[in-house]
1. Assuming residue A:486 fulfils every condition listed in (1) within 14 Å of chain B (Cβ to nearest Cβ); (2) more than 30 Å from residue A:521 (Cβ to Cβ); (3) at pLDDT below 85; (4) loosely packed, with under 13 Cβ neighbours inside 10 Å apart from one, which condition is it?
2. Go through the range B:114-126 and give me each residue that's touching a strand residue (DSSP E or B) at 6+ places or on another chain (Cβ under 7 Å) and more than 14 Å from chain A (Cβ to nearest Cβ).
3. Kindly establish whether residue A:460 is closer than 29 Å to residue A:437 by Cα, surrounded by fewer than 16 Cβ atoms within 10 Å (Cβ to Cβ) and over 60 Å from the mean Cα position of the chain (by Cα).
4. Could you run through the range A:509-536 and say how many residues are touching a strand residue (DSSP E or B) at 6+ places or on another chain (Cβ under 6 Å) and part of a loop (DSSP other than H, G, I, E, B)?
5. Out of all the residues in the range B:55-72, is one or more within 14 Å of chain A (Cβ to nearest Cβ) and either surrounded by 18 or more Cβ atoms within 10 Å (Cβ to Cβ) or modelled with pLDDT under 90 (or both)?
6. What do you reckon, is residue A:342 in a helix (DSSP H, G or I) and under 26 Å from the mean Cα position of the chain (by Cα)?
7. Looking at the range B:33-40, is at least one residue touching a residue at least 24 places away in the same chain (Cβ under 8 Å), within 14 Å of another protein chain (Cβ to nearest Cβ) and farther than 30 Å from residue A:483 by Cβ?
8. On the basis of being over 60 Å from the mean Cα position of the chain (by Cα), crowded, with 19+ Cβ neighbours inside 10 Å and either under 28 Å from residue A:612 (Cα atoms) or within 14 Å of another protein chain (Cβ to nearest Cβ) (or both), does residue A:498 make the cut?
């Protein structure tokens, strides 16, 4: 298993595996979501495509039905044919629209559990009922007109009667009054006069009776149109009929009127015809009542059918509502599923990442890297006893193994260096004593018995002394060189002018040469002790190798970034280019020891000290072009603040 | 010069503690050329030096005035060890000691001064160093009052 063999699999491979896993999880979640979203879309599409149009039809239908119902109600109160026509136009429009909608709905009727036949019938009925109702209404208006006309005629007949009755009644009253006078004023009222009175009285009475009868009849007739209900009209008609009979009877009894009777009989007959006859008032009234009944009946049926339609709509709407609800809940379900699955996958991904982070990144990589880094830092810092406790065959493991090797090398190197230093020190130090002895004994011998010696012997002894001295100086230089491994590193304020003056005094007290400072910054601090040694060595070299008695040595100091650049230039013979490398080597000399005294260590010491401070030294010289050589090297420095400058005591560093 | 003295003039004894023959020879030559009359004792190491000091204690239990030159690198008992010994010894506690040695190591210098030496001289040039040192010691002994 990969995890068991954990430290043998490459780190990168492990990480790649983790990434692949995460990507796979994300892809999975994307696929699942995609699939669910498609389902979502489908359900929504279904819902929208089916429900919405149907709902709009239903709504439309409801509108039309309400309008039709309203208009029909309004139709009842209309009395103007023009208005009726207007309403009819609109009604027709509406019912046509309704018909059309129903047609559309019929196509889906079975979907919604609605009786298509019933629906269709209802629509058709609405159509025909509208026609019926309107026709009835028109007819009603016509008949009412006729009734009005007839009523007007009745009114004019009344006027005729009134015109006739009044004068006649008056005449009879006079006649009666005269007769009465005739009877009551004469002493012997004749029977004729009495019978006249009786006749006149009877005639008057009969006239009154007739007149009242006629008035009553006319009143009754006039009340007919405004009566309500067919039954009432019927009863009225019967009463009118009986009154006509009565009046006719009264008229028959009436004999005193002469021609009037005939005329009145004619008028009465005419009136009878007008009211009770064919297409008479009462017939028309009956017609109106019939039409009204028809209107109401049709209207009621229409309402019923409308109700049926309305119920169907409700059914449809309810069904659609159910569907939408179902669809919505399905939508919500799918949405929840999506969210849930996304959350689960998200959590899954987070868990995987966390797990991976812990198992691989943390334990296998970070932890070990951390240990490795800390080990590297410790070992680089000089702690050679640090254990490298990282194992494995992967890159980290290999690095750890290499680190172990480096550590061993470093330990070995340090030991070797220490050994070398100790050796150099011991060698140079232990040489001192016998060397001194040789020098002393040779000197003393020369002192004590120098004159007694043969010249050869004396010369030999002198040579001995010279070589001994040389050896002594070499030993001192070697000692210094070995000591240069741990010089005095203390940093303090450097006065370049002073330093150059001191060096000049020390190396050239008689001022054969001009040893001077060119340019130099101030207010700096550095490791003075080794720097001084370097200057001394370079100036010593310049003096030693100069081919003239007089000359000059110029020392310059510049600031280059965070380092100083120092140069020591002389006007001596110069150094050939091919020797520029060699001169810094240990024990290298360009002149024989007899011509120029020197251990050959000076420049190598300078190089060692410069490189110890992470710098470099080079020589600029080309005797084929011109005289002179310049040694250039860089050296660290720090700036001193003004306060520090004031606090630093003036130090005169005296000779070595 | 006429100097008032507390006690009668007794020439100071020099003790040279050094194992190096050449150094001893150089010292002796220097004494000769300076014509110094002081008695000189020579010890090769700290042990010998202690023995000689013990023998020099007089009947009164006091040491005659001594000035010591002490080398540090010696067998058997080195200079610093010797100093440790004498500074713990009632009789020798107040001895005036000049260290005369090849070592210029700051640690040696510091350790020596810890033991209250009168001075530390580094042997540079065999001939001159000893000469100068002895000259200095001679003047020192003539001028300075030594403890008893």
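1. Only one criterion in (1) within 14 Å of chain B (Cβ to nearest Cβ); (2) more than 30 Å from residue A:521 (Cβ to Cβ); (3) at pLDDT below 85; (4) loosely packed, with under 13 Cβ neighbours inside 10 Å is unmet by residue A:486, namely (2).
2. Once the filter is applied, which keeps residues that are touching a strand residue (DSSP E or B) at 6+ places or on another chain (Cβ under 7 Å) and more than 14 Å from chain A (Cβ to nearest Cβ), the range B:114-126 yields B:117, B:118, B:119, B:120, B:121.
3. Values: closer than 29 Å to residue A:437 by Cα: yes; surrounded by fewer than 16 Cβ atoms within 10 Å (Cβ to Cβ): yes; over 60 Å from the mean Cα position of the chain (by Cα): yes.
For residue A:460, the condition - closer than 29 Å to residue A:437 by Cα, surrounded by fewer than 16 Cβ atoms within 10 Å (Cβ to Cβ) and over 60 Å from the mean Cα position of the chain (by Cα) - is met.
4. 4
5. Looking for residues that are within 14 Å of chain A (Cβ to nearest Cβ) and either surrounded by 18 or more Cβ atoms within 10 Å (Cβ to Cβ) or modelled with pLDDT under 90 (or both), one finds at least one in the range B:55-72, hence yes.
6. Details: in a helix (DSSP H, G or I): yes; under 26 Å from the mean Cα position of the chain (by Cα): yes.
Here the answer is yes, as residue A:342 does meet what is asked.
7. Of the residues in the range B:33-40, the ones touching a residue at least 24 places away in the same chain (Cβ under 8 Å) are B:33-34, B:36-40.
Those still in the list that are within 14 Å of another protein chain (Cβ to nearest Cβ) too: B:33.
Applying the additional criterion that residues be farther than 30 Å from residue A:483 by Cβ yields B:33.
There is at least one residue in the range B:33-40 that is touching a residue at least 24 places away in the same chain (Cβ under 8 Å), within 14 Å of another protein chain (Cβ to nearest Cβ) and farther than 30 Å from residue A:483 by Cβ.
8. Details: over 60 Å from the mean Cα position of the chain (by Cα): yes; crowded, with 19+ Cβ neighbours inside 10 Å: no; either under 28 Å from residue A:612 (Cα atoms) or within 14 Å of another protein chain (Cβ to nearest Cβ) (or both): yes.
Considered against the rule, which asks whether it is over 60 Å from the mean Cα position of the chain (by Cα), crowded, with 19+ Cβ neighbours inside 10 Å and either under 28 Å from residue A:612 (Cα atoms) or within 14 Å of another protein chain (Cβ to nearest Cβ) (or both), residue A:498 comes out as no.
The values are calculated or read from the model by the stated rules, or taken from the named source; none is laboratory data. Please read all numbers here as calculations on a predicted model, not as lab measurements. Please note: Cβ atoms are built from the backbone with ideal geometry, for glycine as well, and neighbour counts cover all protein chains shown.
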